[in-house]
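Accompanying notes for the structure given below.
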Amino acid sequence: MSTRSTEGGTTGGGAGGERRPRADVARNRARLLAAARELFAERGEQVGLPDVARSAGVGMGTVYRHFPTLADLVEAAAEDRFAGILAHARALADGGGEDPVLDYLRHVGEVLEADRGLSAAVEALRGTPGSAPLGRTRAELEEAVGVLVDRSRRCGTLRPDTTVADVHLLAGAISATVRTGSGPWRRLLDLTVQGLRPRTGE
């Protein structure tokens, strides 16, 4: 089986000639995303593909092979951010702790606070406020949050009628507070999460 030498090529070796991405291609994509995330955090929507190429130390051809447009890069960076949030939610679902929903919401707030610039870039791209995950990432995040809701109910820190939609509602409120700078999101979380606590006698 032959191996193609240009980026974007594949190596053989799988059953039936199945091809897989070359490791350096994956590394370049990860390097570009890391550089983009850092630049978006610093400069928000005032970032262009040449800026990312310089920061990542690659040529524009490499950038275009992975992200043909700035919109592609912004959406990939947003997906990468929520992939991290998803990984944290799954870790909470598998781990200990008596209040996983609160831990999850606090983590969401911390990530968005550190990532205001990316949120601004996503808003500029989509033309709407907010930067909620889309597609498969959203579905997987909803599934993971569902596990957290079930665990928190069993721990007695969550009302029995609490839904995944309720948790997303609070996450959206935190996102809006962070995005607009309208107040301390941690205070908002402390106040609103009390509405999710079991009532006396439940």
Subject >> Total residues in the range 27-53, condition without any contact (Cβ under 8 Å) to a residue 40 or more places away in the chain, acidic (Asp, Glu) and under 17 Å from residue 115 (Cα atoms) >> reply: 1
**OP:** Report whether or not residue 122 is at negative phi, touching a residue at least 60 places away in the same chain (Cβ under 8 Å), among the hydrophobic types (A, V, I, L, M, F, W, C) and assigned to a helix (DSSP H, G or I).
**Re:** no
Original post:
In the range 175-192, how many are touching a helix residue (DSSP H, G or I) at 6+ places or on another chain (Cβ under 7 Å) and either β-branched (Val, Ile, Thr) or surrounded by fewer than 12 Cβ atoms within 10 Å (Cβ to Cβ) (or both)?
Top reply: 4
**OP:** Report the residue count in the range 151-173 for those that are free of Cβ contacts under 8 Å to residues at least 24 places away in the same chain, among the acidic types (Asp, Glu) and in a helix (DSSP H, G or I).
**Re:** 0
**OP:** Could you grab me the full set of residues in the range 80-106 that are part of a helix (DSSP H, G or I) and not aliphatic (A, V, I, L, M)?
**Re:** 80, 81, 82, 84, 88, 90, 94, 100, 103, 104, 106
**OP:** Tally the residues that are surrounded by 15 or more Cβ atoms within 10 Å (Cβ to Cβ) and either under 8 Å from residue 125 (Cβ atoms) or touching a Phe, Trp or Tyr at 6+ places or on another chain (Cβ under 7 Å) (or both), restricting the search to the range 71-83.
**Re:** 5
Original post:
Of these, 151, 65, which one is surrounded by 16 or more Cβ atoms within 10 Å (Cβ to Cβ), of a type in the set (D, E, K, R) and within 22 Å of residue 192 (Cα to Cα)?
Top reply: 151
**OP:** Residue by residue through the range 48-68, note down the ones that are in a loop (DSSP other than H, G, I, E, B) and either in contact with a Leu (Cβ under 8 Å, 6 or more places away or on another chain) or among the aliphatic types (A, V, I, L, M) (or both).
**Re:** 48, 58, 67
Original post:
Which condition breaks for residue 148 when tested against (1) under 18 Å from the mean Cα position of the chain (by Cα); (2) without any contact (Cβ under 8 Å) to a residue 40 or more places away in the chain?
Top reply: (2)
Original post:
What residue, of 195, 127, is among the small types (Gly, Ala, Ser) and over 30 Å from residue 72 (Cβ atoms)?
Top reply: 195
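Readers should treat all values here as calculations from the given coordinates under stated rules, not as data from a laboratory. This structure is a prediction, so every number in the text was calculated from the model and none was measured. With ideal geometry, Cβ positions are generated from the backbone for all residues, glycine too; neighbour counts draw on all protein chains shown.
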